[in-house]
Amino acid sequence: MRRILVSAVYVAAVFLAVACGGNTSMIIRTEVPERPAGQEDMLQYAAPPIDTVRIGFIGLGMRGPGAVERMCQIDGTRVVALCDVEQDRAEAAAGIVTRFGRPDAALYYGSEDVWKQLCDRDDIDLVYIATHWTMHAEIAKYAMEHGKHVAIEVPAAMSLDEIWDLINTSERTRRHCMQLENCVYDSFELTALNMAQHGLFGEVLHGEGAYIHNLDEFWDEYWHDWRLLYNRDHRGDVYPTHGLGPVCQVMNIHRGDKMNVLVAMDTKAVNGREYYEEHRGESAPDFQNGDHTMTMIRTEKGKTIMIQHDVVNPRPYNRLYQLTGTKGFANKYPVEGFVVDPAAAGMLSVPDGNGKTGKVDIENLSSHSFVPENVKTALMEKFMHPVQKELEETAKKVGGHGGMDYIMDYRLIYCLRNGLPLDMDVYDLAEWCCLTELTGISIENGNAPVEVPDFTRGGWNKIDGYRHAFVE
């Protein structure tokens, strides 16, 4: 049985013949709904500053408690309310607040819609959402309509309908709607972003990312098997944002470029189906999610992106993260390394192994390998991102995936307190999440190309390049 639900409003199940250099490609068209009257875009939007950000947390299972703990260690925050279906989870999170000497938080639990009571409060500025995926967009929309900024765990939306709902609600209410994509704050990704912005890779033409993570040891931790059930019912890349987000920032997506078209394909379902049948004790002959999914994307400026998803095979953890430029290359997994313009490398001072430093000998740089380790170290020191430089020491102490979770939360609060645009806006959310539905459509239609909507509705080149916001 076909499990992919195609929106009748936003995806037309028709093929358009597009002539490309004498060849004919069949592209599935997606529609961009007209912006409702009275709405304006949220590009570079900065809300009025909030001196103390009052936070309500919804979802206190796997990700929520860690977020509560991190926020308790960030100045200018107050944890006002905590919500989960399960009472013991809400009470455990309350214990975290108490342990940090913070005022007691109100607790909500006991029913699957009790979260609305938290959103109805008038003493909350930010709702932090860490429930299962299918609740993310519903809660976020309700919270914005009740005057709250929202931060949503990944993926923040599972369909084009949900994405457009979040965009329209954010634009209408003038409330931030941010996706909590922590991988853009990993130290390597931040450094590579800074290097790219300083031109060390030349023009970045191609990027790769992935979520390759065998979840065998984690499946039991998902409440009522929600993640396993989602994989049973949906084809395509259902978890694309960890790989896609960092690449999109380097490529200035909706800040001078945009994704135009994607093509996806998957393997058959083997390990996923077998695990489901063993774990649930029931047959799943139509298990939908292929064991491995690949997506290729082409941008308006003629650049390409490849994204992969695999959570059931015995492979080491891998987010890929590769950047291919006209003058250099960056690679994170399985080995971190860089290739850079020799002229740029020649400007670096590096240790020579004898207690002295000297300039890089560019004549000895090999075209068949990364730069030497001492050059890599010098590059990462010289081009450490300002965000990382400011927060790295504290981030390592607080933790959260090596500290990147702390940096993510800190930056969210920093921007809200200072009235700055957020590092990730609602259009980032839309672009990174849209693969969830669009890849399924491509696969279900014989791996056909699918048009990626312009979620900015014409504003994709209004901003010249991606930058983090800073107080001058």
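Given the conditions (1) of a type outside the set (S, T, Y); (2) closer than 24 Å to Q308 by Cα; (3) more than 18 Å from the chain's Cα centre (by Cα), report the number of the one that D186 does not fulfil.
Looking at each condition in turn, D186 falls short on (3).
Looking only at the stretch 430-446, decide whether some residue is open to solvent by less than 30 Å² (accessible area, probe 1.4 Å) and assigned to a loop (DSSP other than H, G, I, E, B).
There is at least one residue in the stretch 430-446 that is open to solvent by less than 30 Å² (accessible area, probe 1.4 Å) and assigned to a loop (DSSP other than H, G, I, E, B).
Hey, could you check the stretch 384-429 for residues that are open to solvent by less than 10 Å² (accessible area, probe 1.4 Å) and small (G, A, S) and say which is nearest to F188 (Cα to Cα)?
The qualifying residue nearest to F188 (Cα to Cα) is G403.
Taking the stretch 196-238 only, how many residues are assigned to a loop (DSSP other than H, G, I, E, B) and either open to solvent by less than 30 Å² (accessible area, probe 1.4 Å) or in contact with a Gly (Cβ under 8 Å, 6 or more places away or on another chain) (or both)?
So the answer is 11.
Look through the stretch 281-315, keep the residues that are open to solvent by 20 Å² or more (accessible area, probe 1.4 Å) and of a type in the set (S, T, N, Q), and return whichever of them is nearest to the chain's Cα centre (by Cα).
Q308
I'd like to check something: does the stretch 240-251 contain any residue that is at positive phi and touching a Lys or Arg at 6+ places or on another chain (Cβ under 8 Å)?
Residues of the stretch 240-251 at positive phi: none.
No, the stretch 240-251 contains no residue that is at positive phi and touching a Lys or Arg at 6+ places or on another chain (Cβ under 8 Å).
Limited to the stretch 301-331, what total is found for residues that are of a type outside the set (A, V, I, L, M, F, W, C) and more than 15 Å from H206 (Cβ to Cβ)?
Summing the residues that are of a type outside the set (A, V, I, L, M, F, W, C) and more than 15 Å from H206 (Cβ to Cβ) in the stretch 301-331 gives 9.
Count, please, the residues in the stretch 261-280 that happen to be open to solvent by 70 Å² or more (accessible area, probe 1.4 Å) and without any contact (Cβ under 8 Å) to a residue 12 or more places away in the chain.
Selection size over the stretch 261-280: 2.
Restricting the stretch 330-361 to residues that are among the β-branched types (V, I, T) and either modelled with pLDDT of 75 or more or buried (at least 17 other Cβ atoms within 10 Å of the Cβ) (or both), which is nearest to the chain's Cα centre (by Cα)?
Within the stretch 330-361, the match that is nearest to the chain's Cα centre (by Cα) is V335.
Pairs needed: first member in the stretch 131-148, touching a residue at least 40 places away in the same chain (Cβ under 8 Å) and within 15 Å of I55 (Cβ to Cβ); second member anywhere, buried (at least 17 other Cβ atoms within 10 Å of the Cβ) and among the aromatic types (F, W, Y); C-beta distance under 6 Å; at least 6 residues apart or different chains.
Listed by first residue and then by second, the contacts come to I139/W115.
Out of (1) closer than 24 Å to D454 by Cα; (2) touching a strand residue (DSSP E or B) at 6+ places or on another chain (Cβ under 9 Å), the odd one out for Q249 is which?
(2)
Is it the case that some residue within the stretch 32-45 is of a type in the set (S, T, Y), within 30 Å of N461 (Cα to Cα) and modelled with pLDDT under 95?
Checked the stretch 32-45: no residue is of a type in the set (S, T, Y), within 30 Å of N461 (Cα to Cα) and modelled with pLDDT under 95.
The values are calculated or read from the model by the stated rules, or taken from the named source; none is laboratory data. Since the structure is predicted, the reported quantities are computational estimates derived from the model, not experimental observations. Because the Cβ atoms are built from the backbone with ideal geometry, glycine has one as well, and the counts that use them run over all protein chains shown. Areas reflect the complete protein model, heavy atoms only, side chains present, ligands, DNA and RNA absent. Shrake-Rupley method; radii C 1.70, N 1.55, O 1.52, S 1.80 Å.
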